[in-house]
Amino acid sequence: MSDLLRLPPREPLQQTWADAANPLGLQGVEFVEYATDQPHALADVLQRMGFAPVARHRSREVMLYRQGGLNVVVNAHPDEARRAQLGAAGRPVISALALRVRDARAAFEAACEAGGWPVPPHAQVMELNIPAIHGVGGSRIYFVDRWREFSIYDVDFITLPQAVAQPPVWVPGLRFFGLVQYVGSGRSHDWIEFYRDLLGAQLIPDEQRYGIMPKGKLLAVPGDEPAQGFMLQLVEPEPFEPDGQERLQRIGLGVPDVLAAVQVLRQRGMEFVETAAAHTEPRGAITRTYLGSVVFELVHDARGQS
């Protein structure tokens, strides 16, 4: 009998698994995934950012890194690495976003009914089939409802020797704040409708800004609780700039004290942009670009305050 048939039962579902304000029953972000053919170089960057390696996938070239409540997956499986190489000249790309939901199957079906394009199942024997839809630039949006006492990693991953499930937190209060997405000229409205219809995201007024990179349109993605929500920032190219490939461009991390976080990360070897246009200040900071594409943005966020 397959292990998939012996999984512990899910927690009882609420009488209603979604509502008008949160149509998919979102409960935060489970992981962000990079696809790369440079896993060791990317691992070095992540560890400078305070993420520790925790587990390795049972059958694929995939590693799990963790800091606090944020999981980052590095996917160097040949198919994924080739896709990254073809799509971004060999540079790492943000290839997936996994969302915690009350009921993964129901959320997936609702997203498809709202216009999402399903990703065909690709799980191998003894692996979980995590439902997903297509996102920007060939990325995927996964729906995960196993993330409490028993998680997806308990099935598909093997803990590394001497690794701990909850490694030390180098940046106190760190949380997932959001993602920055580059879109084509005049395409912001299309993506605003996409995220509104599928995730229940709401457009934030232009005068309401966060961090030090104020360009584009901001969308607030809901969660069952305020701390579970996150931001999507849609950025179009400047006038007369050529349209680049639409993609998820960088991760935004919320911290209660930006200056303290920058100090800790600099001691770990991270470098931050310090120019007239973008420099470290209490409301935000941005790292230099690593490996041609990997950037992290810090944003002041009091919700991470313990």
| note | For the range 142-174 the number of residues that are under 28 Å from I286 (Cα atoms) and buried (at least 22 other Cβ atoms within 10 Å of the Cβ) is 3
| request: Count, please, the residues in the range 206-248 that happen to be of a type in the set (S, T, N, Q) and over 17 Å from I192 (Cβ atoms). | output: 2
| task | With respect to V62, determine if the residue is crowded, with 18+ Cβ neighbours inside 10 Å and either under 16 Å from the mean Cα position of the chain (by Cα) or assigned by TED's automatic domain parsing to the domain that holds S293 (or both). | result | yes
| task | Name every residue in the range 139-176 that is under 25 Å from D301 (Cα atoms) and touching a His at 6+ places or on another chain (Cβ under 8 Å), in order of residue number. | result | I141
| Quick one: E271 ticks every box in (1) over 28 Å from A43 (Cβ atoms); (2) without any contact (Cβ under 8 Å) to a residue 60 or more places away in the chain bar one, so which box is it? | (1)
| message | Considering only the range 191-209, I want to know if a residue exists there that is crowded, with 21+ Cβ neighbours inside 10 Å, without any contact (Cβ under 8 Å) to a residue 40 or more places away in the chain and assigned to a loop (DSSP other than H, G, I, E, B). | response | yes
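The values are calculated or read from the model by the stated rules, or taken from the named source; none is laboratory data. Note that this is a predicted model, so its numbers are computed, not measured. Cβ: placed from backbone, ideal geometry, glycine included. Neighbour counts: every protein chain shown.
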